[in-house]
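**Q** Structure below; questions to follow.
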Amino acid sequence: MPNSAFPIAFSGNPLWRLAEKRDGASLAQAIAHPSAKFICFAEGKPVIRRVSDESVVCLFAQNEILPLSPNMGEAVLLGHLENVPHIAVAVPGQADRLTSPFDSSDIRPLFTGHLLSPPTLGEIAQASALLSWHQGCKFCGTCGAATRSESAGYKRVCTGCGKEHFPRTDPVTIMLITHENQCFLARSARFPEHMVSCLAGFIEPGETIEEAVRRETQEEAGLRTGEVTYVASQPWPFPHSLMIGCTAEAENADYVLEKDELESGGWFSREDVRAMMRDAHSSGAQVPPFGSIAHFLIAGWAEKREA
Ligand SMILES: [Zn+2]
């Protein structure tokens with residue numbers, strides 16, 4: 001069931017990261033802790049044990065995961081919860097060929113199906129982002145030599161030139177554009193059938209959040225916007241983005257869709273959006289699932305009284 005106390009999935013990670021205390025010994029100490037808990041990934045997918053149709057487990061004791069041959073040398077210390085270390089680690093082999101009782105899952109159904117508690121989903125986002133970065137940073141971009149993991153998995157150091165490489169977070173703006181009492185929603189061909197959502201796009205180097213919101217809105221829909229208001233953000237582990245949710249009022253209503261990005265879109269009233277949220281819109285249009293920041297932005301607007 002959706003947990004209304006956590007309207008933004010992947011937020012609410014409860015771990016104490018103790019970033020300033022990470023050193024060369026932190027990971028080994030954490031792995032040696034008798035109660036340490038492990039989140040495993042196979043081919044980038046969380047390893048789970050299904051408890052029921054509504055629930056899965058993804059935190060395991062070390063003795064439970066030994067049959068999976070985890071690569072502890074490349075593990076990442078996520079943080080501590082009640083003094084117990086939580087560690088992310090990749091396991092070899094194919095995600096769809098794990099031996100019972102283990103299985104794997106894409107991350108999306110874990111959050112859209114509410115199969116994990118919201119705090120644990122936050123840990124999954126942290127683990128996925130870090131392990132994905134490690135996977136893509138095995139060689140130095142400066143000299144091409146191999147890199148090795150240090151600082152409990154928060155740094156890779158080149159074995160050739162010594163350059164330090166740090167984990168990435170890629171900022172993305174996602175914005176609900178409004179005009180008088182309507183909001184602009186659009187769909188990309190990549191979306192699930194019937195889904196419409198907010199405009200979104202990566203922040204480019206040398207750009208502020210506000211500039212990215214205005215540029216993307218102009219490029220994708222031909223809409224000019226003035227003041228941009230920050231609303232909330234969301235870790236988005238596909239693979240390591242930060243969604244920065246904003247609202248902005250359009251200065252013009254006539255829009256021109258960027259057809260390479262969007263296959264349809266337009267203005268919708270609060271009545272339309274409320275019907276979409278009940279899955280009762282005459283066109284069949286639906287908003288993104290509860291837990292996504294798009295849903296949070298759209299629902300927040302739809303629930304407001306008309307000005
Ligand atoms: Zn190098």
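The values are calculated or read from the model by the stated rules, or taken from the named source; none is laboratory data. Owing to the predicted nature of the structure, the values given are computational and were not obtained by experimental measurement. Note that each Cβ is placed from the backbone with ideal geometry, even for glycine, and that neighbours are counted across all protein chains shown. With ligands, DNA and RNA removed, areas are computed over all heavy atoms of the protein, side chains included. Shrake-Rupley method; radii C 1.70, N 1.55, O 1.52, S 1.80 Å.
**Q** Got a number for residues in the range 56-114 being outside any helix (DSSP H, G or I), surrounded by 18 or more Cβ atoms within 10 Å (Cβ to Cβ) and at pLDDT below 95?
**A** 2
**Q** Going by the structure shown, is GLU123 touching a Ser or Thr at 6+ places or on another chain (Cβ under 7 Å), among the acidic types (Asp, Glu) and either open to solvent by less than 50 Å² (accessible area, probe 1.4 Å) or without any contact (Cβ under 8 Å) to a residue 24 or more places away in the chain (or both)?
**A** Details: touching a Ser or Thr at 6+ places or on another chain (Cβ under 7 Å): no; among the acidic types (Asp, Glu): yes; either open to solvent by less than 50 Å² (accessible area, probe 1.4 Å) or without any contact (Cβ under 8 Å) to a residue 24 or more places away in the chain (or both): yes.
Judged against the criteria, GLU123 is not a match.
**Q** Still on this model: Do we find that ALA232 is surrounded by fewer than 17 Cβ atoms within 10 Å (Cβ to Cβ), at pLDDT 95 or above and in a loop (DSSP other than H, G, I, E, B) in this structure? Reasoning before the result, please.
**A** Working: surrounded by fewer than 17 Cβ atoms within 10 Å (Cβ to Cβ): yes; at pLDDT 95 or above: yes; in a loop (DSSP other than H, G, I, E, B): no.
No, not satisfied.
**Q** Looking only at the range 132-150, how many residues end up being open to solvent by less than 40 Å² (accessible area, probe 1.4 Å) and within 12 Å of the ligand (Cβ to nearest atom)?
**A** Summing the residues that are open to solvent by less than 40 Å² (accessible area, probe 1.4 Å) and within 12 Å of the ligand (Cβ to nearest atom) in the range 132-150 gives 4.
**Q** Can you pull out every residue in the range 151-161 that is more than 21 Å from the chain's Cα centre (by Cα) and either open to solvent by less than 40 Å² (accessible area, probe 1.4 Å) or away from the ligand (no atom under 15 Å from the Cβ) (or both)? Break it down stepwise before answering.
**A** Initial filter on the range 151-161 (more than 21 Å from the chain's Cα centre (by Cα)): 151-152, 156-161.
SER151, ALA152, ARG156, VAL157, CYS158, listed by residue number.
**Q** Residues being at pLDDT below 95 and either open to solvent by less than 30 Å² (accessible area, probe 1.4 Å) or under 24 Å from the mean Cα position of the chain (by Cα) (or both): count how many of those fall in the range 169-187.
**A** Matching residues across the range 169-187 total 0.
**Q** Next question. With the requirement that a residue be more than 16 Å from the ligand (Cβ to nearest atom), of a type in the set (D, E, K, R) and out of contact with any Asp or Glu (no Cβ under 7 Å at 6 or more places or on another chain), what does the range 162-212 give you? Walk me through how you get there before you give the answer.
**A** Start the filter on the range 162-212 by keeping residues that are more than 16 Å from the ligand (Cβ to nearest atom), which leaves 167-212.
Right, trim to of a type in the set (D, E, K, R) and you get 168, 170, 180, 187, 190, 193, 204, 207, 210-211.
Matches in the range 162-212: ARG168, ASP170, GLU180, ARG190, GLU193, GLU204, GLU207, GLU210, GLU211.
**Q** On to the next question. Which pairs turn up if I take residues in the range 193-208 that are touching a residue at least 24 places away in the same chain (Cβ under 8 Å) and more than 18 Å from PHE238 (Cα to Cα) and look for partners that are assigned to a strand (DSSP E or B) and among the basic types (Lys, Arg) with beta carbon separation below 7 Å, at least 6 apart in sequence or on another chain?
**A** Cβ pairs passing all conditions: MET195/ARG187; VAL196/ARG187.
**Q** I would also like to ask the following. Taking the range 141-188 only, how many residues are among the acidic types (Asp, Glu) and touching a Ser or Thr at 6+ places or on another chain (Cβ under 8 Å)? Before the answer, list the steps.
**A** At the first step, the residues of the range 141-188 found to be among the acidic types (Asp, Glu) are 150, 164, 170, 180.
Next, only the ones that are touching a Ser or Thr at 6+ places or on another chain (Cβ under 8 Å) stay: 170.
Of the residues in the range 141-188, 1 are among the acidic types (Asp, Glu) and touching a Ser or Thr at 6+ places or on another chain (Cβ under 8 Å).
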